[in-house]
Each structure stands twice: as C-alpha cells, then as structure tokens.
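The structure under discussion appears below in the form of structure tokens.
The values are calculated or read from the model by the stated rules, or taken from the named source; none is laboratory data. Bear in mind that the values here come from a model prediction, so they are computed numbers and not experimental data. All Cβ positions, even for glycine, are placed from backbone atoms using ideal geometry, and neighbour counts span all protein chains on display.
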Amino acid sequence: MGNLFWLNSAFEFQLRNFPNSYVLPSQFQDKFFAYEYLFASLSQSTDYVLITGKELNEQTISSWTELFNQEINFFDKNKINSSTLNLVEWGKFYSYTNGDLISNEEKWKESSFLNSKITQANWKSHYTSNELNSCVIDSTTNLKKYFKQNSVPIVLKEEFGFSGIGNKIITKKNLDLEIQSKEKFVIEKWAETRTKDFSGLFDVKDRNAKFLSLTEMKIGKNGAFLASHLEPDQNELIIVEMQNFINSLLYQEKIDYVGPISIDGFEYFDEGKFKLQIFSEINFRFSMGRVLYEIRKRRNAEKKSCSLFFAKVKIKTKNELLDRLNKFSSINKIFYKILTPILQRSSSFPIVLYLESNEGDVLDTFLEILPLILT
C-alpha cells in the first residue's frame with residue numbers, strides 16, 4: 001500500500017478554528033499551496049503527493065525529477081480516488097476515507113493539546129529553568145503585572161502558529177495596543193542577543209524519541225522563519241541535552257504520540273554569559289527542517305552543507321530571476337533547485353530554494369546576500 005503525502009500548511013490555523021471550517025486568507029494562499037510540493041521529499045515510487053490548491057505545475061514537477069533523478073507522482077485532489085492509500089499529513093488532523101479528506105475529532109484533540117503553546121509553556125515551568133520567564137497570560141491584569149516584573153522587549157505568541165506567524169515582538173511604543181487586542185496567549189522575554197537558532201529532528205514511538213539530525217534555523221528580526229540549514233558536523237552538547245529533555249517529557253507526561261517532531265531552541269547571551277534555551281517550542285508534526293533532512297539524505301549529500309531557503313522575490317520576469325540565480329550560484333559553486341511554482345501574480349511572490357555546497361562558509365555567505373539577489 002502506498003502513501004498519500006499532504007503538506008497542509010494551514011494545520012495550526014485549523015486546530016485553532018475546529019470544529020468551524022477555516023478559509024485560508026488570500027495573502028497566504030499562493031505560499032501555502034506552493035509548500036505542498038515540498039512533501040515530494042518523502043515520496044517513493046509507489047506514493048503520491050497531493051496538490052490541492054492550484055493546477056499542477058510542470059516546471060516544478062521537472063525540478064523534483066531532476067533533484068532525485070526519479071519521477072514523483074503528483075496528483076491534484078480531483079484525481080485521487082483510491083481508498084487503499086495511507087495518509088501521511090504535515091500534522092495529524094484528517095482521516096482519508098473513500099477518497100475524501102475528513103477532519104477527525106480524535107486527531108484534533110491530540111494535536112491541539114500537544115501543539116498548543118499554552119500547554120508547552122506549562123511544560124517549560126516544570127522541565128526547564130525557564131530563564132526567559134515564559135508564562136500564560138489570560139487577562140489584562142496579569143499582563144500588566146508581567147510588565148511590571150519584566151523588561152521589554154518581549155514576544156507574544158498565539159496559542160497556534162506556523163513559521164512565526166502570529167508572534168509579535170513588543171516594545172513600549174505599541175504596548176497599550178497589544179494589551180487591548182490580546183486575550184489568552186503565551187508571553188516571554190525576547191532574547192535580542194541570540195546567536196543561533198536550532199531545531200532537533202526526532203521520530204517518536206513508544207514514548208521514546210529517536211534522534212535524526214540538528215538543523216540551524218535562520219530567523220528574521222521580526223521572529224519569522226527564513227531558512228533551514230544543515231552542516232555535516234553537529235553540536236553534541238545540544239543533541240544530548242535535547243534527547244534527555246524530550247525522553248523525560250514523553251515519559252513523565254505519558255505522551256503516546258507517534259510520528260515526527262521537531263524541538264526548536266536557541267543560543268543567546270545574558271549579561272555577557274552564554275545561555276542555551278534547549279526548548280522554545282515543540283512541533284508535533286513534520287517541519288521544514290525535516291523536509292531538508294529528507295532531501296539531503298535522498299541525495300546522499302550528508303557530507304555537504306545544505307539549505308532550504310524561503311524567499312520573497314521582487315524581480316519582474318522569470319528569466320531575470322533564473323539568470324541571477326544561475327550567475328551567482330555558478331560563481332560560488334553552489335547547486336540549487338527551485339522547489340515550488342513561480343507564480344507572478346503581484347509585485348512579489350514566494351519561492352522555496354534548495355541549496356547545496358561542499359563549503360559551509362560559502363553557502364552561509366550566499367544565504368546572507370540571497371535576499372539582495374532576489375530583489
């Protein structure tokens with residue numbers, strides 16, 4: 001029996017709105033539907049990758065074929081009618097029954113509890129030192145009390161969010177506005193002096209987490225996710241601490257979840273002292289770091305530096321975009337592939353790039369200048 005892979009980027013928003021239906025806002029549609037192609041990273045010859053948003057893009061399909069030197073089965077939602085396929089989702093929310101995707105209340109209960117930042121804030125107070133004072137705020141009175149005891153900047157996190165969407169970094173200038181507009185959320189000190197963000201990838205079964213890899217995350221100044229990066233050498237200290245933490249959590253909390261997870265954390269300085277936030281958030285689902293890991297493994301590129309870059313392009317023509325990428329990648333000896341459709345519907349449009357190099361420093365520098373190349 002083959003698998004039906006579906007990368008549903010609206011997962012967290014559906015968790016928040018269930019049992020009501022969720023309509024994806026127009027500003028997210030092109031980006032989220034394009035991300036569906038990224039689950040080709042998991043697909044084998046007997047599997048299918050589900051594309052629900054738009055018509056199939058032949059150029060994108062060719063890119064994936066060239067990337068793996070193997071054809072990938074992409075199908076739109078109107079052509080899959082097999083009841084024998086095993087649904088593999090981005091996050092657990094649906095059942096696949098008689099060719100239809102149907103929301104599953106039991107999956108929603110498990111996913112909404114585990115992925116809730118409110119649930120996870122309580123875990124921080126029990127299983128970590130919680131040095132950034134993460135806590136749940138459910139009233140304006142408690143929020144004002146928090147600000148009396150903690151300095152800004154701080155970050156407000158909605159209960160469910162994807163790639164930093166819904167997070168707000170607060171300063172005194174917009175403090176009053178946020179007090180009025182928020183209800184129940186997680187709040188913690190924002191570490192301005194962070195030096196590196198990372199994400200540990202695991203597979204979980206029988207309350208045990210099997211470590212796969214440690215990725216570096218590139219995060220923008222506003223807290224938004226920009227890229228995932230993998231190097232051949234990995235930080236053993238972070239790996240050991242993360243492994244001990246997650247296995248303790250799974251055992252103590254009696255968590256019977258089965259599937260992929262990623263644990264996000266970061267390095268930072270506090271009053272000149274190096275600090276390690278081993279657990280900022282846990283995603284009980286697949287992640288973009290996991291997509292990168294699967295691509296690198298399938299290309300047998302474990303000894304190379306690899307990145308998955310999420311770009312907003314502001315170049316007028318497709319040919320100009322390709323010319324720039326070809327020029328700069330050739331100069332820096334970097335292999336690249338565009339993994340999502342190029343949809344020029346407005347002055348800017350999203351793409352996802354896979355990048356691979358024999359030299360980590362070169363790729364790191366290329367990531368820094370890439371936003372300039374694409375504008």
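Being at pLDDT 80 or above and not β-branched (V, I, T) narrows it down to one residue among S181, S139, S103, S163; which is it? Give the steps one after another, and end with the answer.
On the way: S181 fails: at pLDDT 80 or above; S139 fails: at pLDDT 80 or above; S163 fails: at pLDDT 80 or above.
Only one candidate qualifies: S103.
Search segment 324-375 for residues being touching a residue at least 60 places away in the same chain (Cβ under 8 Å) and β-branched (V, I, T), and hand back the single one that is nearest to L292 (Cα to Cα).
Selected residue: V352.
Of all residues in segment 238-262, how many are in a helix (DSSP H, G or I), touching a Lys or Arg at 6+ places or on another chain (Cβ under 7 Å) and surrounded by 12 or more Cβ atoms within 10 Å (Cβ to Cβ)? Step through it out loud before you land on a result.
Kept after step one, since they are in a helix (DSSP H, G or I), are these residues of segment 238-262: 238-252.
From what is left, the residues that are touching a Lys or Arg at 6+ places or on another chain (Cβ under 7 Å) are 250-251.
Now restrict to residues that are surrounded by 12 or more Cβ atoms within 10 Å (Cβ to Cβ): 250.
Number of matching residues: 1.
Can you pull out every residue in segment 93-123 that is under 22 Å from the mean Cα position of the chain (by Cα), buried (at least 19 other Cβ atoms within 10 Å of the Cβ) and farther than 30 Å from N133 by Cα?
F93, Y94
Going by the conditions given, is I255 touching a Gly at 6+ places or on another chain (Cβ under 8 Å) and under 29 Å from F113 (Cβ atoms)? Give the steps one after another, and end with the answer.
Values: touching a Gly at 6+ places or on another chain (Cβ under 8 Å): no; under 29 Å from F113 (Cβ atoms): yes.
Criteria not met by I255.
How many of the residues in segment 133-150 are in contact with a helix residue (DSSP H, G or I) (Cβ under 9 Å, 6 or more places away or on another chain) and assigned to a helix (DSSP H, G or I)?
Summing the residues that are in contact with a helix residue (DSSP H, G or I) (Cβ under 9 Å, 6 or more places away or on another chain) and assigned to a helix (DSSP H, G or I) in segment 133-150 gives 4.
Quick check on segment 183-197: of everything there that is part of a loop (DSSP other than H, G, I, E, B) and touching a Phe, Trp or Tyr at 6+ places or on another chain (Cβ under 7 Å), which residue is nearest to K303 (Cα to Cα)? Let's see the steps before the verdict.
The first filter runs over segment 183-197 and keeps only residues part of a loop (DSSP other than H, G, I, E, B), leaving 183-184, 190-193.
So of that shortlist, the ones also touching a Phe, Trp or Tyr at 6+ places or on another chain (Cβ under 7 Å) come out as 191, 193.
Details: A191: 32, T193: 30 Å.
Among those that are part of a loop (DSSP other than H, G, I, E, B) and touching a Phe, Trp or Tyr at 6+ places or on another chain (Cβ under 7 Å), it is T193.
For (1) surrounded by 17 or more Cβ atoms within 10 Å (Cβ to Cβ); (2) among the basic types (K, R), each residue gets a yes or a no:
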{"residue": "D264", "(1), (2)": "yes, no"}
{"residue": "F274", "(1), (2)": "no, no"}
{"residue": "Q277", "(1), (2)": "yes, no"}
{"residue": "N283", "(1), (2)": "yes, no"}
{"residue": "S287", "(1), (2)": "yes, no"}
{"residue": "L292", "(1), (2)": "yes, no"}
{"residue": "R296", "(1), (2)": "yes, yes"}
{"residue": "S305", "(1), (2)": "yes, no"}
{"residue": "L308", "(1), (2)": "yes, no"}
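For the structure I just gave you, tell me whether I315 is loosely packed, with under 13 Cβ neighbours inside 10 Å and aliphatic (A, V, I, L, M).
Numbers: loosely packed, with under 13 Cβ neighbours inside 10 Å: no; aliphatic (A, V, I, L, M): yes.
Criteria not met by I315.
All but one of (1) within 30 Å of R207 (Cα to Cα); (2) modelled with pLDDT under 90 hold for L363; which doesn't?
(1)
If I filter segment 247-261 for residues that are among the aromatic types (F, W, Y) and closer than 24 Å to F93 by Cβ, do I get at least one hit? Give the steps one after another, and end with the answer.
Start the filter on segment 247-261 by keeping residues that are among the aromatic types (F, W, Y), which leaves 251, 257.
Keeping just the survivors that are closer than 24 Å to F93 by Cβ gives 257.
Looking through segment 247-261, at least one residue is among the aromatic types (F, W, Y) and closer than 24 Å to F93 by Cβ.
Would you point out the residue of segment 84-115, among those that are among the small types (G, A, S) and touching a residue at least 60 places away in the same chain (Cβ under 8 Å), that is farthest from L50 (Cα to Cα)? Give the derivation first.
Within segment 84-115, the subset among the small types (G, A, S) is 91, 95, 99, 103, 111-112.
Applying the additional criterion that residues be touching a residue at least 60 places away in the same chain (Cβ under 8 Å) yields 91, 103, 111-112.
Numbers: G91: 14, S103: 16, S111: 21, S112: 23 Å.
The qualifying residue farthest from L50 (Cα to Cα) is S112.
Among the residues of segment 198-237, which ones are surrounded by 14 or more Cβ atoms within 10 Å (Cβ to Cβ), at pLDDT below 95 and not in a strand (DSSP E or B)?
Answer for segment 198-237, where residues must be surrounded by 14 or more Cβ atoms within 10 Å (Cβ to Cβ), at pLDDT below 95 and not in a strand (DSSP E or B): G223, E231, Q234, N235.
Exactly one of these conditions fails for F266: (1) within 18 Å of L367 (Cβ to Cβ); (2) in contact with a helix residue (DSSP H, G or I) (Cβ under 7 Å, 6 or more places away or on another chain). Give me its number.
So the condition that F266 fails would be (2).
Which members of segment 104-119 meet the condition of being outside any helix (DSSP H, G or I) and farther than 23 Å from M288 by Cα?
N104
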